[in-house]
Every structure is written in C-alpha cells, then in structure tokens.
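Here it is, the structure in full.
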2 protein chains.
Amino acid sequence: MALESFGTKGFDSVSLDDLAADLGITKQAILYHWSSKRALLDAVIDRAALELIIEFDGALSEDGSGWSRVESIVRRIFRVAMRRPELLGFIREISRIGGDASLRVTADLEPFVSRATTYFEREMDEGRIRRCDSGLLLVSAYSTVLGAATEVEVLRAVGIEPTLRSTVVRRRELLSFLHAAMVAPQALNAQAPR
Amino acid sequence: MALESFGTKGFDSVSLDDLAADLGITKQAILYHWSSKRALLDAVIDRAALELIIEFDGALSEDGSGWSRVESIVRRIFRVAMRRPELLGFIREISRIGGDASLRVTADLEPFVSRATTYFEREMDEGRIRRCDSGLLLVSAYSTVLGAATEVEVLRAVGIEPTLRSTVVRRRELLSFLHAAMVAPQALNAQAPR
DNA sequence: CGATTCACTTACCAAGTGGTAAGTTTTTGT
DNA sequence: ACAAAAACTTACCACTTGGTAAGTGAATCG
C-alpha cells in the first residue's frame, strides 16, 4: 500500500516503480488509475484522513466525560501508533511537504478538530479541564502523544527501547503527564498556573 | 547551507545539484569535500547536533532551579524554532531516515540528554518536579515543545496562524501546560509562569 | 457475434540522479 | 620563482525518475 511507503520512507523517497513492484504490477498501472504521482498522493491523503477519523472520532462520542474521555483518545492514539505507525508518520510527512498537500489534510481533518475543540471548550466550561486555549491544548496534547508514540529514535536516545512492555509503561507515564497538565485542580487553595 | 535544505525539504528531496546551485558552485565541488552524499549527511548531522547542544546546553548550566530552568530551556527551544526551524526539522528528518543516521545523531546528543535526565532526577529528589521516569519526562517535554514550536500545519488546522504574536501566546500557553504537567503540587505555591 | 470499454503491459523518453575521470585554476610551501 | 598540493570545473556515465504512446487480452454490452 502506498500509504505505508509514503508514511515510513517519505513521498519523494518512494518511486512509482518501487510502489508498483511491491504491488506486483507495473508503474503504468498506477498511472492509469491516477493521472500523476501527485494525484496519487491526494488520494492517499484522503484515505489516511478517513482512517484517522474512523479511529479517533468514535472516542469523542463515547460515554464518560472529562478526563476519562481524554484517556480513551490517548489510548486509541497509542493503539494506532503501535499497529499502524505509518499512518501517523504519513500525517507528519504531509506536514513537511506543505503546500496543497497540507491544505488538503487540514481540510479533511477539520470536522474532527472542530469536534475535539468543542468538546474541550465544554469540559472547561464545566470546570473539569483546566481553562486555556482549546486549540493550543489540542496541539499540545496531540504532539505530546504523537511524540511519545512515534519518536522512536528520541526514545532510544534517552535509553528506552521500544518494546511492547515499555510501551505500556510509556502510555501510563504519558497519561499521568497529560492528566497533570490538563485536569483542573480540585483543591481550593491549589491555584492553576497563569 | 545543506542543513537548511535537508531540514526543510528532506534529504532525498534535495539533490547535490540543487545544493551546489544554491551555493553558486558545482556538484563536484561538494563531492570533492565529501566522498558521497551520505558522507555529507553525516557531516551535517554532526554540525546540527553541535549547534543544538550549543543552544540548549547552556540553559542547564544557568542559575536558578526547578521550574525556572525548565522555563529557560523551553524559551530557548522556541527561540530556535522561530529563528532556525530547519534545525529542529532536520533532527526530525534524521529520525525518519533511521539507520546509521539516527544512531549518529543519538550518539552526538547523548551528553546533553545525559545532563538533562540527571538534572531532572535531582529536581525530583528535591521534590521540585513531580516524580516520574526522567527519560519519558524528557521525551514528553521535548515532543510537546517541538510540536507547539514546529507543527505549523497542525496549528493551522486548529485555526492558529503562525504569526509572531501568536507565537508569544503559544509559548505562554505551553509553559502553562508544561508547568501543570511537571511541577510537583507542593511547589505550586511559589512559582507560576507569568 | 462484434464493438467497445476496461485494466492493464511493453516500449519509450527527456530530465534528472549520484558519482567518476580528467583537466584547470588557485593557493601554499620552500 | 616554482613545483606541488588543494580546490575546484568540465565532461561524462550508468541508472532512475515521472510521464507518454501505443498495443493487448479480457470483460461487458447491444
């Protein structure tokens, strides 16, 4: 699948010949279905965005509120990062390519982003999440989770081998990190920063 | 400079001819100094790691303790992300390339990582930072800051244009996020980010 | 049945790719 | 001053790139 190659090796590093060879067909068979490599990228973007939304959007509709739902999303992201690392890698690759590709993935994911920020806003209104800019909170949480889930090399640099067991530990630590960062302090005298 | 191109466009997307044209020389002038494109990459890795260490390592030696020093590092990362985005982008690119390149940057940055985790451990011992795995804390903080500083497309997706003013806001929000995540509850009384 | 459309493949192509070989200018050491 | 080494350039080369043109066998349709 093109998504896997683009996500792990990068768009420019994967030739149509490579892709075709993996699929056991010829490059021209690909160019028959998509008019150019760039058109193929657009199709892959749409597909990746769809899969991401399917993975995560459900968590926003789940029962439970406040922290428990955030926890649910984080667990899903970790699951995706473990089972489909190329999906998250692909989104990052698109960000780097920039231009039209970024606009496309942004547009594709807009409904999900919109739902997530709306959800955060409501939780803040009800005092279950520390008040702050919901968009920035989403970015912080996103990049924190994505980092812990995908920055394999960085993890290795701090002496953490990406084994299954360490992933469980990592997820627990991260949830604790996020919990501390996001959840509004209950104690009356404990003042939130800022 | 090769670092800039590799960091923004990706290693495979930048040809030696492109690089040479930017520098106003010929491709073979590059291949005279480095035996291959790959050898050039190694040199750029070493240089990038050196510059990163110069930028950040000083913050670990600064006066102040606990949160104030973390804040100092975050401010430095933001400064680098604003002024030299290609540097952080390059590190991410190396992670994606993987293999020997990753090992090299890991080895280059090891002294800094070592100092940072040691610092965290001490702060935890003295109760100024919430106790947790220091390596994972570093990764979480690293990816959170790097995300807020560099994930321009993601920020755009949540409706944040990367202007100078928004960066200041973003940094303040992020410091607040990190403060909540890292600082031990007991230490909340005295120091909160402005 | 025959024609047409579909889903390819084979055969190319011009423009690049990293890299080599050999020649040329510039700097350096004595 | 002059040779030698350094720092290039020009000229190539084999190979890969995305993309085009034309042909081919199988399915579909009237």
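The values are calculated or read from the model by the stated rules, or taken from the named source; none is laboratory data. Bear in mind the structure is a predicted one, so any value in this text is a computation, not a measurement. Methodologically, a virtual Cβ is constructed for each residue, glycine included, from the backbone with ideal geometry; neighbour enumeration extends over all protein chains shown. Surface areas here come from the heavy atoms of the whole protein model, side chains and all, with no ligands, DNA or RNA. Shrake-Rupley method; radii C 1.70, N 1.55, O 1.52, S 1.80 Å.
For peptide B:84-97, what's the mean number of Cβ atoms from other chains within 10 Å of each residue's Cβ?
3
Between chains B and A, what is the buried accessible area in Å², counting both sides, with a 1.4 Å probe and ligands, DNA and RNA left out, to the nearest 100?
Counting protein atoms only, the buried area is about 4200 Å².
Continuing with the same structure: Modelled label-to-label distance, A:A107 and B:D100, 7 Å Cα→beta-carbon offset: nm?
4.3
For A:V183, enumerate residues with amide H under 5 Å from its amide H, sequence gap 5+ or separate chain, H modeled in the peptide plane.
So A:V183 has HN proximity to A:R130.
Using the crude model of +1 on Lys and Arg Cβ and -1 on Asp and Glu Cβ, and no other charge, please compute the dipole size for the protein assembly as shown relative to its Cα centre, in debye to 20.
Dipole about the Cα centre, nearest 20: 740 debye.
Still on this model: I need the inter-copy label distances for B:L50: point set 7 Å along Cα to C-beta, values in nm with one decimal, smallest first.
In nanometres, ordered from closest: 5.0.
Also, quick follow-up: First measure r as the distance between the Cβ atoms of A:S35 and B:D42, then evaluate 1/(1 + (r/R0)^6) with R0 = 45 Å and state the FRET efficiency to the nearest 0.05.
The calculated FRET efficiency here is 0.70.
Something else now. 7 Å along Cα→Cβ for the label point: how many nanometres lie between A:H33 and each equivalent label in the other copies, listed shortest first?
In nanometres, ordered from closest: 4.5.
Another question, if that's okay. Where does helix B:99-125 land angle-wise versus the long Cα axis of chain B, in degrees 0 to 90, nearest 10?
Approximately 10 degrees, to the nearest ten.
Quick check: at a probe of 1.4 Å, how many percent of the accessible area of chain B sits on carbon and sulfur atoms?
Of all accessible area on chain B, carbon and sulfur atoms account for 54 percent.
What does the helix-only formula give at 222 nm for the protein assembly as shown: each DSSP H stretch with n ≥ 4 adding -39500 (n - 2.57), the total divided by the residues, and the result rounded to the nearest 500 deg cm²/dmol?
-24500 deg cm²/dmol
Return the lysines within reach of A:K37: Cα separation strictly under 24 angstrom, same-chain partners fewer than 8 residues apart disregarded; answer none if there are no such residues.
Output for A:K37: A:K9, A:K27, B:K9.
Give me the dipole magnitude in Debye, nearest 20, for chain B about the Cα centre, with unit charges on the beta carbon: positive for Lys and Arg, negative for Asp and Glu.
In total the dipole reaches around 560 debye.
Tell me which of B:T163, B:F11, B:T106 sits at the most positive position along the dipole axis of chain B, charges placed on C-beta atoms (Lys, Arg +1; Asp, Glu -1).
Looking along the dipole axis, the top candidate is B:T163.
Right, next: Roughly how many Å² of B:D57 are accessible to a 1.4 Å probe, to the nearest 10?
30
Could you calculate the FRET efficiency of B:E126 with A:E161 from 1/(1 + (r/R0)^6), where r is the beta carbon distance between them and R0 is 30 Å, rounded to 0.05?
Working from the Cβ atoms, E equals 0.55.
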